[in-house]
1. Across 5 Å bins from 0, what is the distribution of all Cα-Cα pair distances for the chain, in whole percents?
2. On the protein heavy atoms, probe 1.4 angstrom, tell me the percent of accessible surface of the chain carried by carbon and sulfur.
3. Enter the Cα centre distance for the pair region 118-133 and region 57-84, rounded to the nearest angstrom.
4. Sequence gap at least 6, Cα distance under 8 Å: using those rules, report the relative contact order of the chain to the nearest whole percent.
5. Tilt of helix 22-34 relative to the longest C-alpha principal axis of the chain, in degrees (0 to 90, nearest 10)?
6. On a 24 Å Cα-Cα criterion, which of the cross-link pairs Lys69/Lys142; Lys99/Lys135; Lys92/Lys135 come out too long?
7. Provide the per-residue ³J(HN,Hα) series for region 117-134, in order, calculated from phi with Karplus coefficients 6.51, -1.76, 1.60 and θ = phi - 60°, each as a whole number of Hz, with x at glycine and proline positions.
8. Per residue, how large is the accessible surface of the chain? Use a 1.4 angstrom probe and give square angstrom.
Amino acid sequence: MLYLAHNYDKDFHLWYDPVKNPNEYSEILQWTFFAHGGVGPMQGQSNHFNRFAKEDIPYAKKRYLDETKRLYGVLEIRLKDRDWLAGPGRGKYTLADIKTFCWVRGYNFAGVESLDEWPNVKAWLERALNREAVKKGLEVGKA
């Protein structure tokens, strides 16, 4: 995603200029890597142990589901009084949101019954899913 942004989003629609806006660029990196190193791997393990593992391992199921929920809690704190993960004020829809919401939208598959415990995360996910470009992107490959 960073490669694509650096090479094809010259107008900084989905990220910030690292030279002119280094703090905002740093926030994008931090939240992108939070998703890449936290939400993705932990929720992925929850998916595996709750859906695909040939052996039932209750410890693994609980451990990765609990960690996924903990990470949703971190997102909940960040999204208090914000619309998006990175940027000043209420934030701006960026690569960080794209990287993260793609995992969070599969919460039910990972064993999380509802996002009601994290209302800011729930509202953020709804905002992301209601973007026209996201709607179009999610239709790719369905025909």
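The values are calculated or read from the model by the stated rules, or taken from the named source; none is laboratory data. On a predicted model such as this, the values are computed, not experimentally measured, just so you know. Ligands, DNA and RNA are excluded from the accessible area calculation, which covers all protein heavy atoms including side chains. Shrake-Rupley method; radii C 1.70, N 1.55, O 1.52, S 1.80 Å.
1. With a bin width of 5 Å, the distribution comes to 2, 10, 18, 20, 19, 15, 9, 5, 2, 1, 0.
2. Details: 4660 of 8540 Å².
Here carbon and sulfur together make up 55 percent of the probe-accessible area.
3. Here the answer is 16 Å between Cα centres.
4. Values: 142 pairs, mean separation 35.3, N = 143.
25 percent.
5. For 22-34 against the chain, the angle is about 20 degrees.
6. Lys69/Lys142
7. With the stated coefficients, region 117-134 comes to 5, 10, x, 5, 5, 4, 5, 4, 4, 4, 4, 5, 5, 8, 6, 4, 5, 5 Hz.
8. 60
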